[in-house]
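Undergrad: Sending over a structure as C-alpha cells; questions will come in a sec.
All of the numbers you see were taken from the coordinates with simple rules; none came from a lab. Bear in mind the structure is a predicted one, so any value in this text is a computation, not a measurement. Every residue, glycine as well, gets a Cβ built from its backbone with ideal geometry; the counts of neighbours run over all protein chains shown.
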Amino acid sequence: MDLRQLNALVAIAEHGSFSAAADALATVQSNVSTHVKKLELELGSVLVDRATGQLTDAGELAVERARRVIGELDALTSDVTALSREIIGTVQLGLIGTAALWIVPELLDLVPALHPHLRLIFREATTLGLDTQLATGDIDLGVLALPASGSEVHAVALFEEDIGLFLPRSHPLAARETVTVVDIANLPLLLPLEGSNYRSSLDSLAAAAGVALHPRAELDSLRLMRSLMFEGCGFAILPTSTLPVRRAKTWTIIPVEGLAPRVIGVAQRRRALPGAPVRAVLDVLTTILADPSRLPMGVHPIAQEPGAATRRPEPGPSQRGPRRA
C-alpha cells in the first residue's frame, strides 16, 4: 500500500470515474487502474464497481481512511516546514452562512498579513452539512452552531450571538422593548427547517405558550431567509449580527422573550491532530474574537479554558437576551 494508490482511489471518489481521476492526477487511466487494482489485492476486497464507476461499501470506508492519511502527511510537511520557515499549506474552512458574513472578511484581512503563504478555501453549509464534511475529511475546520452532532467531531465554543425578530421600524411591534412568541404567532414567518436546534427552540417556546407557528416558508439557509425578508417575503428571527449597517436606519431587532442566544463553536475531526496551518487559522480566529472592534453587534466571545480545543464543550444555556439594534 502506498500513497499513489490512496490518491488514485480518492480521485475516483471525487471525480466519478477512472478517466476523470486520471485527468485530475495528470496521468493516464491505466496508471489509475493499476494503483486501484493493487490496493484491492492488498485489502482483499473490490473497492470500485467497474460497471458503474461507483465506490463499493469497502471503497467508501477505504476512501474515508485514505483522506485522513493524506491529510496527516500534508500536515506533517507543514509542521516541519513551520519550524524553520513561514507556515505553508491549505486550510479548508467550513462556516454556517450567518457566521461567514462577518468572519470571512476578517480572515481575509488578517491571514495574508500574518501568514502570506497560507491558502484558505471557504465552504458554506448548514451545521449538519459541516458535521458530515468534517467526519469525511472534506474540510479541516467548521464554524457551526453547537452542539455539533457528529460522533467523529469535537468542538469548542467560540461565542454567543443574540437573536431577535427583525422588523421594519414602521411596523406596530417595532416600538416594543420585547415581543413574546404569542405576539408573532400570526406573522408571516420565514423559519428554519423543523428539527434544527434553532427551530426546536422556537417550537418549544410556542408549545409552552399554547400557540403554533405557521411559517410562510421553511428554509435551510439563514442567509436566504434574510434576503427574502428584506425583499418583503415575510418576517424572520435571526442573529443580530446579520443586520447590514445600511439597513439599520429602516429596520430594528426586537428580543423574543425566552429565546436564548445561539452558541457558535469551531469543530475539528475528533481523531485528527491539527497541523500548523490549521493551528494558525485557530489562532487568527482567537485574535478576531479578542478585538471588540472586529465583532458585529450581538456577538459575545466565550472565555476559553486551557486545553479546551482538545475536548467537546458543554455550553450551558445563557440568560442574556439579545440587545436592541
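Undergrad: Among Pro116, Val63, Leu47, whose Cα lies farthest out toward the positive end of the dipole of the chain, if unit charges sit on the beta carbon of Lys, Arg (+1) and Asp, Glu (-1)?
TA: With unit charges placed on the Cβ atoms, the residue in question is Pro116.
Undergrad: Using a ≥ b ≥ c from the Cα gyration tensor of the stretch 163-255 (square roots of the eigenvalues), is it rounded, prolate or oblate, where a/c under 1.5 gives rounded and otherwise the larger of a/b and b/c decides, a/b for prolate?
TA: Oblate, because a/c is 1.5 or more while a/b does not exceed b/c.
Undergrad: Can you sort Arg262, Arg119, Arg246 from fewest to most other Cβ atoms within 10 Å of each residue's own Cβ?
TA: By the 10 Å Cβ count, ascending, the order reads Arg246, Arg119, Arg262.
Undergrad: Quick one: Cα centre-to-centre distance for the stretch 226-300 and the stretch 108-160, in angstrom?
TA: A separation of 14 Å, based on Cα centres.
Undergrad: Please state the charge dipole magnitude for the stretch 3-72, taken about the Cα centre, from unit charges on C-beta atoms (+1 on K and R, -1 on D and E), reported in debye and rounded to the nearest 20.
TA: The dipole magnitude comes to about 200 debye.
Undergrad: Same structure again: Skipping prolines and chain starts, which residues have an amide H placed within reach, meaning under 5 Å, of the one on Ala248, given they are 5 or more residues away or on another chain?
TA: Answer set, sorted by chain and number: none.
Undergrad: Ranked by Cβ crowding within 10 angstrom, fewest neighbours first, how are Met297, Met1, Met225 ordered?
TA: Neighbour counts put them in this order, fewest first: Met1, Met297, Met225.
Undergrad: Here is a follow-up. Answer with one residue from Ser293, Thr27, Ala100: the one whose Cα lies farthest towards the positive end of the charge dipole of the chain, charges on Cβ with Lys, Arg +1 and Asp, Glu -1.
TA: Ser293
Undergrad: For the chain, what proportion of DSSP beta bridges, expressed in % and rounded to the nearest 5, is antiparallel?
TA: 60 percent
Undergrad: Could you pull out the GluC sites (Glu not before Pro) across the stretch 115-193 that fall in loop regions by DSSP (anything but H, G, I, E, B) with no more than 14 other Cβ atoms inside 10 Å?
TA: Those that pass, being in a loop and sparsely packed, are Glu177.
Undergrad: Is the stretch 157-209 rounded, prolate or oblate when judged by the Cα gyration tensor, a ≥ b ≥ c being the square roots of its eigenvalues, rounded requiring a/c under 1.5 and prolate requiring a/b larger than b/c?
TA: Oblate, since a/c reaches 1.5 and b/c is not below a/b.
Undergrad: If you average the sequence gap of Cα pairs under 8 Å that are 6 or more apart and divide by the length of the stretch 173-252, what percent do you get for the contact order?
TA: Across the stretch 173-252, relative contact order equals 33 percent.
Undergrad: Given the -39500 (n - 2.57) contribution per DSSP H run of 4+ residues, what per-residue ellipticity at 222 nm results for the chain, rounded to the nearest 500 deg cm²/dmol?
TA: Result for the chain, helices only: -13000 deg cm²/dmol.
Undergrad: Another question, if that's okay. Hey, if you put +1 on the Cβ of every Lys and Arg and -1 on every Asp and Glu Cβ in the stretch 163-255, which of Ile184, Ala206, Gly195 ends up farthest toward the positive end of that dipole?
TA: Selected residue: Ile184.
Undergrad: Relative contact order of the chain, please, whole-number percent, based on alpha carbon pairs below 8 angstrom and at least 6 residues apart.
TA: 21 percent
Undergrad: Sort Lys38, Lys249 by Cβ crowding within 10 Å, fewest neighbours at the top.
TA: Lys249, Lys38
Undergrad: Please give the contour-minus-distance gain from Leu43 to Ala175: 0.36 nm per residue of separation, less the Cα-Cα distance, rounded to one decimal in nm.
TA: 40.7 nm
Undergrad: To the nearest 20 debye, what is the magnitude of the charge dipole of the chain about its Cα centre, counting +1 on the Cβ of each Lys and Arg and -1 on the Cβ of each Asp and Glu?
TA: My answer is approximately 660 debye.
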